[in-house]
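Have a look at the structure below, then the notes.
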Amino acid sequence: MFVYSKIVKRIVVLMCLLGVFLAATPGQYKEYIDKYASVAVSEMHRSGVPASITLAQGLLESAAGTSTLATKANNHFGIKCHSDWKGKKTYKDDDKANECFRVYSNASASFRDHSDFLRFQDRYKSLFDLEPTDYKSWAKGLKKAGYATDRLYADKLIKLIEDYELYRYDSDEEIPQTPHEIEKPVEVRQTKTSERISFSLSRDIYQINGVPCVYAVEGDTYESLAVTYGLFEGEILRFNDASSGDVLHGGDIVYLQLKKKKGAKGLEKYIAGDGGETLRDISQRFGVRLASLRRFNRLPDDYVPLEGDTIILRR
């Protein structure tokens with residue numbers, strides 16, 4: 001009897017894992033990904049939530065857009081009302097009977113609210129210290145923080161990400177162009193050294209290699225800039241390949257998003273001068289991740305550029 005009970009439990013666990021795919025057909029999953037990948041990528045760049053995680057949660061929570069909440073309320077992530085919700089509401093049984101869920105005007109509004117829901121709640125704060133490509137830790141962190149009561153929630157997200165290769169959308173090279181309802185990005189006008197963008201903030205924001213950045217002024221710290229631009233300190237340090245305690249000087253470039261994995265087109269390489277630049281200085285100058293420069297050039301962590309050294313910026 002004991003052995004039989006253990007077998008039954010194992011079957012139940014397996015059915016729960018497979019249940020991710022029983023609610024919708026593979027074709028519906030593929031159609032959902034094609035339809036909403038660009039929204040997830042846009043939200044990743046706006047909020048820092050990995051696109052793979054957003055898509056996997058959307059697939060799981062909405063049964064690839066076929067659930068009643070998704071079709072009737074445009075709610076793709078099963079987000080409940082909570083005390084701060086002022087919008088329309090709908091009610092259905094969930095963990096408890098007749099629970100309140102948020103209603104959105106369109107699917108993109110649901111995606112945006114999902115990003116904000118994670119970003120602005122303290123219990124999810126630690127997720128934003130993770131690498132955006134570390135989808136396994138993100139999935140486990142969501143479960144640990146209490147996003148869902150299903151004990152297999154993280155396993156289901158990871159399975160979806162790996163079966164449908166959703167991790168591709170966390171890469172700068174995989175940005176689909178499918179039209180969606182997210183607002184268009186602000187227009188950019190070229191300047192001599194970088195692209196200037198108009199934002200309603202206290203200083204100009206520029207782009208280098210397509211990555212938003214500001215130039216530090218005396219008195220700035222990574223912590224103060226993180227507060228100013230709605231980031232966590234761990235994020236802004238990671239964006240700039242910096243460490244806690246690093247000092248900013250006037251004119252230093254500070255990136256507000258992850259730098260690119262390779263240099264801009266037309267900037268294939270850089271010849272080091274005699275100005276004592278570090279590899280990180282070059283990384284900041286061209287908006288390329290330090291890890292990428294080390295990988296492209298097969299360099300050790302303690303490498304110091306010498307005058308005349310060729311640094312490959314893109315492959």
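Which one of these does S292 not meet: (1) within 30 Å of R168 (Cβ to Cβ); (2) open to solvent by 70 Å² or more (accessible area, probe 1.4 Å); (3) of a type in the set (S, T, Y)?
(2)
Restricting to the stretch 293-315, give me the number of residues that are in contact with a strand residue (DSSP E or B) (Cβ under 8 Å, 6 or more places away or on another chain) and either under 24 Å from Q207 (Cβ atoms) or assigned to a strand (DSSP E or B) (or both).
First, pick out the residues of the stretch 293-315 that are in contact with a strand residue (DSSP E or B) (Cβ under 8 Å, 6 or more places away or on another chain): 293, 296-297, 305, 308-314.
Checking which are either under 24 Å from Q207 (Cβ atoms) or assigned to a strand (DSSP E or B) (or both) leaves us with 293, 296, 310-314.
The total comes to 7.
Any residue at all in the stretch 266-280 that is open to solvent by less than 30 Å² (accessible area, probe 1.4 Å), assigned to a loop (DSSP other than H, G, I, E, B) and at pLDDT below 90?
The answer is yes; a qualifying residue exists.
Please tell me if Y124 is at pLDDT below 95 and either outside any helix (DSSP H, G or I) or surrounded by fewer than 17 Cβ atoms within 10 Å (Cβ to Cβ) (or both). Full working, then the answer.
Numbers: at pLDDT below 95: yes; either outside any helix (DSSP H, G or I) or surrounded by fewer than 17 Cβ atoms within 10 Å (Cβ to Cβ) (or both): no.
It is false that Y124 is at pLDDT below 95 and either outside any helix (DSSP H, G or I) or surrounded by fewer than 17 Cβ atoms within 10 Å (Cβ to Cβ) (or both).
Checking the structure you have, find out if any residue of the stretch 51-58 is out of contact with any Pro (no Cβ under 6 Å at 6 or more places or on another chain) and open to solvent by 10 Å² or more (accessible area, probe 1.4 Å).
Within the stretch 51-58, the first condition is being out of contact with any Pro (no Cβ under 6 Å at 6 or more places or on another chain), and the residues that meet it are 51-58.
In the following step, the residues that additionally are open to solvent by 10 Å² or more (accessible area, probe 1.4 Å) were identified as none.
No, because not a single residue in the stretch 51-58 is out of contact with any Pro (no Cβ under 6 Å at 6 or more places or on another chain) and open to solvent by 10 Å² or more (accessible area, probe 1.4 Å).
Counting just the residues of the stretch 74-101 that are under 21 Å from Y153 (Cα atoms) and among the basic types (K, R), which one comes out most open to solvent (accessible area, probe 1.4 Å)?
K96
For the stretch 204-246, which positions are touching a helix residue (DSSP H, G or I) at 6+ places or on another chain (Cβ under 9 Å), farther than 18 Å from L290 by Cα, among the aliphatic types (A, V, I, L, M) and assigned to a loop (DSSP other than H, G, I, E, B)?
Residues satisfying the conditions are A216, L231.
The values are calculated or read from the model by the stated rules, or taken from the named source; none is laboratory data. Please read all numbers here as calculations on a predicted model, not as lab measurements. Glycine also receives a Cβ, built like all others from the backbone with ideal geometry; neighbour counts cover every protein chain displayed. Ligands, DNA and RNA are excluded from the accessible area calculation, which covers all protein heavy atoms including side chains. Shrake-Rupley method; radii C 1.70, N 1.55, O 1.52, S 1.80 Å.
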